[in-house]
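The structure appears below as structure tokens.
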Amino acid sequence: MKHFLKETDFGRSELEALFQQARELKATRGRHARPLEGQTWALLFSKSSTRTRVSFEVGIHELGGNPLFLNRNDIQLGRGESVADTARVLSRFIHGLVIRTHDHREVQELAARGSIPVVNALTDLLHPCQIFADAFTLAERWSNGGADLTGSLRGRKIAFVGDRGCNVANSWIMGANLFGMKISLAGPPGFDAAPEFNQLLKQEGFPNGYEFTTDPWAAVKDADVIYTDVWVSMGKEEETEERIRVMTPFRVTEELCAAAKPGALFMHCLPAHAGQEVTEQVLEGPRSIIFDQAENRLHMQKAILAALAASARR
């Protein structure tokens, strides 16, 4: 049985089939097989969401399953029941679990103590579903309809500008190394990857798999993609004023985009705050593929769910 807690839970040899499955599910939406027929998959959320919740609920439904939304505070986990007991109880009722929470260790324990597939829909450490959907979005464009989706990613460069230690930045470091891409991250001093993440990178065999800089112009040089995220993530609201102050030199502008490769794309996982981490002109400009990213959350996550359901049946 397979889980999807981090990018490398799918090996390089599995990526092309997964991406092709996402492409097929997208092309045949409403007419494809329903591998979750008769199954119930729970969505256990500790954080509010638009794209993650809607894409997973719709995706589970379109694969034939029944999505069951569980707010953490509506079940006994929010009143002190252990993660281990929650995992074992839920495993008796449902066929799979999608979790969006703060502590990455909680996701790991749910997977370890339960007997059903678990999907990490976001933790403070990683956001692997976002990065797989983003990579699929790029592969769609760069493969030009060709057969080798993941091959189109190899050798490309992504520049992440802003909060270099956020979960999306962490996941893009993992993903870039997995997909054979190069990644450079630019942000103010002190906003670096946490020791926990660096230890994970070392365990996965990517100890030197990224470049950190405090110069956004250096980071975007020769980049095929410029990526940013909000400066104030959920749980960091008390740091808003200071974060805006130190991050302002790292705003993505048309001028910064022009310093990348000609035709470089702009990506953002959303929601975006126009005028903070990125200007309105870039968000709404021809480089921006932010809504393609958002749509592809649905198709890639459906491919992930189908693969995990198949692994559970073996």
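Has the stretch 58-71 got any residue that is closer than 24 Å to ASP124 by Cα, exposed (fewer than 15 other Cβ atoms within 10 Å of the Cβ), touching a residue at least 40 places away in the same chain (Cβ under 8 Å) and under 23 Å from the mean Cα position of the chain (by Cα)? No, there is no match, as no residue in the stretch 58-71 is closer than 24 Å to ASP124 by Cα, exposed (fewer than 15 other Cβ atoms within 10 Å of the Cβ), touching a residue at least 40 places away in the same chain (Cβ under 8 Å) and under 23 Å from the mean Cα position of the chain (by Cα).
Could you please find all residues in the stretch 123-137 being assigned to a helix (DSSP H, G or I) and of a type in the set (Asp, Glu)? If the condition is that a residue be assigned to a helix (DSSP H, G or I) and of a type in the set (Asp, Glu), then ASP134 is the only one that fits.
Considering only residues in the stretch 148-157 that are free of Cβ contacts under 8 Å to residues at least 60 places away in the same chain and in a loop (DSSP other than H, G, I, E, B), the one that is farthest from ILE183 (Cα to Cα) turns out to be ARG154. Quick check on GLY180: is it in contact (Cβ under 8 Å) with a residue 12 or more places away in the chain and touching a Lys or Arg at 6+ places or on another chain (Cβ under 8 Å)? Yes: the conditions hold for GLY180.
Within the stretch 215-233, identify whether any single residue is in contact with a Lys or Arg (Cβ under 8 Å, 6 or more places away or on another chain) and surrounded by fewer than 17 Cβ atoms within 10 Å (Cβ to Cβ), and answer yes or no. Among the residues of the stretch 215-233, at least one is in contact with a Lys or Arg (Cβ under 8 Å, 6 or more places away or on another chain) and surrounded by fewer than 17 Cβ atoms within 10 Å (Cβ to Cβ), which makes the answer yes.
Yes/no per residue for (1) buried (at least 23 other Cβ atoms within 10 Å of the Cβ); (2) more than 28 Å from ASP292 (Cα to Cα); (3) touching a residue at least 60 places away in the same chain (Cβ under 8 Å); (4) among the aliphatic types (A, V, I, L, M):
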site	(1), (2), (3), (4)
ARG79	no, yes, no, no
ALA87	no, yes, no, yes
ARG92	no, yes, no, no
LEU97	yes, no, no, yes
PHE132	yes, no, yes, no
ALA159	yes, no, yes, yes
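All of the numbers you see were taken from the coordinates with simple rules; none came from a lab. What you are looking at is a predicted structure, and each value in this text was computed from that prediction instead of being measured. Here Cβ is always computed from backbone atoms with ideal geometry, including for glycine, and neighbour counts include all displayed protein chains.
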